[in-house]
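Novice: One structure, pasted below without further comment.
Values quoted throughout were computed directly from the atomic coordinates according to the rules given, and no laboratory measurement underlies them. These numbers come from a predicted model, not from an experiment. When we count neighbours, we look across all protein chains shown, and the Cβ atoms used for this are built from the backbone with ideal geometry, even at glycine.
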Amino acid sequence: MSAAALLAQASDPTNLWQWLSTSEERTVTGDIPSQVWVTLWHSVLAFVVAAAIAIPLAAFLAHARRAEVASTWIVNLGRVIPTVTIVGLLALISLRNGFGFEPWPIVIALILLALPPLYANTYTAVRDALPEAVGAARAMGLTEMQILRRVELPLATPLILAASRVALTQVVATEALAALFGGSGLGRYITFGLANRDTFEVQAGAVLVAGLAMTVDLLFWFVTRFIVPKPLRPAPASRHAVQRIKPTQSITIPINSLGGTP
Amino acid sequence: MSTRRKVTLVTLAVALVALVAFGIWAVGRISELDEATQATNPLFRWEYLFKRDRTPGELWEATRQHLELTIVSVAIGTVLSAVLAALILRFHWLRGIVFTFAGFLYTIPSLALFAVLVTYNTNWTAAVIALTSYTLLIITRNIVAGIDGVPQAALDAADGLGMSRIQRLRKVEVPLAMPVILTGVRVATVTIVGLVGISVVIQLGGLATYIFDGFKRTYSTVLVLGTVAMVLLAVSLDLLLRGVERLATPWARRSAAR
């Protein structure tokens, strides 16, 4: 081993904790708080846009019992296309047109990642809302919009929130891909670490990305407990849900929301 | 015109207008590229695909690597999931533990998992471990859900015929759960095709090599080729497994046309 390599090794941190606690060498990758912030900013923006598109659209269409087959096909196609390909392609197009590396390629890719689970689960939830309740509401003279807003959507809340939680977690976890195409975010530590063969940097990046995803997951779960209307609180596994919804959907994380392709 | 129809029409119209507006804006932006750049550096050079002798061989090799990783991980994942599901069905208290653990594995970002595992294993082992861990939640959940969903009447009939527990599982429960199980395998496979793309960071080849290579060299042809090839691979595997699902469950076609 050359003297230079030995010297470099001597100044390197000797364990993961040391890497995390010494910050002066992070000139290229940026400091941890700002990267956490960037990651969250990208993810939340993508999630909010996806939810704003998918939930109302799915709710209306499901209420009107429209476009069922078309939705299934589009959702399936959206789920099959890997996010890596979208980020790569968009990053290239963005660069060719002078938009730079960030943030649009990753944000658009994340929106596309979050759309299918949100759409599919909202559609299922609104469509399968207790028909007796919907019938009763109609008999009481509620207009169609009122039925959607006051009966179907509240009944659908548990499933929509469960799907949102999975979608948001996936979005936060997948944001790391931005770093593969020159973007910023927590994935940077992983890609730079792999490029420089810096094991601790790689491990630190992995711990940070996974930690952030799990924190967001737990936080969302915690918030969910307060948003769900009280009678529906024992979550999607309430008695009605188990009997009504197809067996594939009776488990806490709706089956529809799995299998996005990062 | 009924309200129902109005709601649908308005929603579709809004979606359409938004889509068209975005399309116009995007095309406008792209055509702003000056003509010279477009001429010297087009988005895709067909010569690369048809006139370059090495391309077909390289593409085939990348596809083979991609498929190999996918198939190995899904196969291991399916076997492990079957074992896990059997345990869950036999010992009900395991259900919560297994699903929480598998859910935890699913939450770990793939990039992070590859990166950490590669520091302890050879690249190939690391990739297979990571990929397999992602299939567990999807497949186990579907096996359990499928077998849970077998109608009580069918179980009673099996018992009435004097089947043993094993016979009932083999001849009644598993066949009836087959559509849901196969859906799980299909979703897992398609997910893994995407994830193998990320395993490029640990130098294992596969179609995504084209994407990263093209990006690094800013050679758009290579990147576009990789993208299209990967999407095609995912879509064709999806369709193939859908075909298998149909063949394996001939009775499903008659009862539920969905």
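Novice: How large is Rg over Rh for chain B, taking Rg from the Cα atoms and Rh as the Kirkwood inverse mean of 1/r across Cα pairs?
Specialist: With Rg and the Kirkwood Rh in hand, the quotient comes to 1.08.
Novice: How big is the gap, in Å, between the Cα center of the range B:193-211 and the Cα center of the range B:54-108?
Specialist: Taking the Cα centre of the range B:54-108 as reference, the centre of the range B:193-211 is 17 Å away.
Novice: Taking the highest mean first, how do the peptides B:136-148, A:148-160, B:78-90, B:47-59 order by number of other beta carbon atoms within 10 angstrom per residue?
Specialist: Those peptides, ordered most packed to least, come out B:136-148, A:148-160, B:78-90, B:47-59.
Novice: How far, in nm, would the chain grow between B:Leu59 and B:Phe101 when pulled straight, counting 0.36 nm per residue and subtracting the alpha carbon separation?
Specialist: The span from B:Leu59 to B:Phe101 would gain 11.4 nm if fully extended.
Novice: Run the simple label-point estimate for A:Ser34 and A:Arg65 please: 7 Å along Cα→C-beta, distance reported in nm.
Specialist: That separation, rounded to one decimal, is 5.7 nm.
Novice: Given labels modelled 7 Å from the Cα in the Cβ direction, how far is it in nm from A:Leu130 to B:Ile129?
Specialist: So the label points at A:Leu130 and B:Ile129 sit 4.9 nm apart.
Novice: Quick one: pull the percentage of alpha-carbon pairs in the range B:129-254 with a separation above 23 Å.
Specialist: 49 percent
Novice: If you don't mind, another one. Per-residue mean of other chain beta-carbon atoms within 10 angstrom of the beta-carbon, peptide A:186-197?
Specialist: Mean partner-chain Cβ count within 10 Å for A:186-197: 3.
Novice: Kindly provide log₁₀ I(q)/I(0) values, in the same order as q = 0.14 Å⁻¹, from the Debye equation applied to equal alpha-carbon scatterers of the range A:31-257.
Specialist: Debye curve over Cα of the range A:31-257, log10 I(q)/I(0) at q = 0.14 Å⁻¹: -0.89.
Novice: Now, a different point. Report the equivalent ellipsoid semi-axes for the range A:34-90 in whole Å, largest first, defined as the square roots of five times the eigenvalues of the gyration tensor built from alpha carbon atoms.
Specialist: That gives 28, 17, 6 Å for the three semi-axes.
Novice: Which trypsin sites (Lys or Arg not before Pro) from the range A:37-120 combine a DSSP loop assignment with at most 16 other Cβ atoms within 10 Å?
Specialist: In loop regions of the range A:37-120 (DSSP not H, G, I, E or B), the sparsely surrounded trypsin sites (Lys or Arg not before Pro) are A:Arg65.
Novice: For a label point 7 Å from the Cα of B:Glu68 along Cα→C-beta, name the residues of the range B:115-158 whose backbone N is under 11 Å from it.
Specialist: B:124
Novice: Next up: In whole angstrom, note down how far apart the Cα centers of the range A:101-177 and the range B:151-192 are.
Specialist: Comparing the Cα centres of the range A:101-177 and the range B:151-192, I get a distance of 31 Å.
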